[in-house]
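Asker: This is the structure I have questions about; it appears just below.
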Amino acid sequence: YRDALIDMLTSAASSFPTSQVFWYMNFFVGKQSYIGQVAEAVAPAGVAMGGPDTTPDRSSLQRTFPFYGEFKDKMTLFGSVQDSAYSHEHKDTSYPTKYWTPKELFEYGRDQLHVNYFFWNYNSWKGNPAGAYNWADALPVIEANPVFNQ
């Protein structure tokens, strides 16, 4: 799977030289090191890496987030703010809000994950609890940071 992914991404990048190929990486169950191996192989082809929700306190992503720092100077990186990110709770109760605000999520992605692009989900997700944020709350952050947001 790892080798096929490398082949697919490098082939896509060479077949579409005027387009940006985005690799939405996440987990390789039992072989998380494959993410670094794929990234190392596709970085010279100009492939962008990123994807998992920008949710700083989600423990399942703590094994994925270090790859951003490792590859920040080697390839373009991106993050996403998807449905559940709008209702991502702070683990640290000293924050004034229960949920991470869109501005805080943006700043975490920019400053900690070193992303060059953000993808924001604008659909309403019916699973978000009362008091959670949504696209309308993210819009001022998106408008204030057009270089990062697509």
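Asker: What FRET efficiency would be calculated for the residue pair Ser59, Gln37, taking the C-beta separation as r and a Förster radius of 35 Å, to the nearest 0.05?
Answerer: Calculated value: 0.90.
Asker: So, one more: Given +1 on the Cβ of Lys and Arg, -1 on the Cβ of Asp and Glu, and no further charges, what dipole in debye does region 13-74 carry about its Cα centre, rounded to the nearest 20?
Answerer: Around 100 debye, computed over region 13-74.
Asker: Report, for the chain, the % of DSSP beta bridges that are antiparallel, rounded to 5.
Answerer: Taking every DSSP beta bridge within the chain, about 10 percent pair in antiparallel fashion.
Asker: Continuing with this model, one more query. Tell me, what is the per residue accessible area of region 51-112 in Å², probe radius 1.4 Å?
Answerer: 46 Å²
Asker: So how far, in whole Å, is the C-alpha centre of region 60-138 from the one of region 1-58?
Answerer: If we compute the Cα centre of each part, the gap is 19 Å.
Asker: When the accessible area of the chain is computed with all protein chains present and a 1.4 Å probe, what percentage of it is carbon and sulfur?
Answerer: Whole-percent figure for carbon plus sulfur exposure: 52.
Asker: Quick one: longest stretch of the chain between exposed loop trypsin sites (Lys or Arg not before Pro), exposed meaning at most 16 other C-beta atoms within 10 Å and loop per DSSP?
Answerer: So the longest stretch without any such site is 32-62.
Asker: How many lysine pairs does region 1-104 hold where the Cα atoms are under 28 Å apart and the two sit 8 or more places apart or on different chains? Intermediate values should be presented prior to the final figure.
Answerer: Details: Lys31/Lys72; Lys31/Lys74; Lys31/Lys91; Lys72/Lys91; Lys72/Lys103; Lys74/Lys103; Lys91/Lys103.
Number of lysine pairs found: 7.
Asker: Hey, another quick one. Give me the three principal axis extents of region 35-98 from the C-alpha atoms, as integers in angstrom, largest value leading.
Answerer: The Cα atoms of region 35-98 stretch 42, 19, 18 Å along their principal axes.
Asker: Skipping prolines and chain starts, which residues have an amide H placed within reach, meaning under 5 Å, of the one on Met49, given they are 5 or more residues away or on another chain?
Answerer: Trp23, Thr76, Leu77, Phe78
Asker: Which value in deg cm²/dmol, rounded to the nearest 500, describes the helix-derived mean residue ellipticity at 222 nm for the chain, given -39,500 (n - 2.57) per DSSP H run of n ≥ 4 and division by the residue count?
Answerer: Mean residue ellipticity at 222 nm (helix-derived): -10000 deg cm²/dmol.
The values are calculated or read from the model by the stated rules, or taken from the named source; none is laboratory data. Remember, predicted model here, so these are calculated numbers, not experimental data. Heads up, the Cβs are rebuilt from the backbone with ideal geometry, glycines too, and the neighbour counts pull from every protein chain shown. Note: accessible area is taken over every heavy atom of the protein model, side chains too, but ligands, DNA and RNA are not part of it. Shrake-Rupley method; radii C 1.70, N 1.55, O 1.52, S 1.80 Å.
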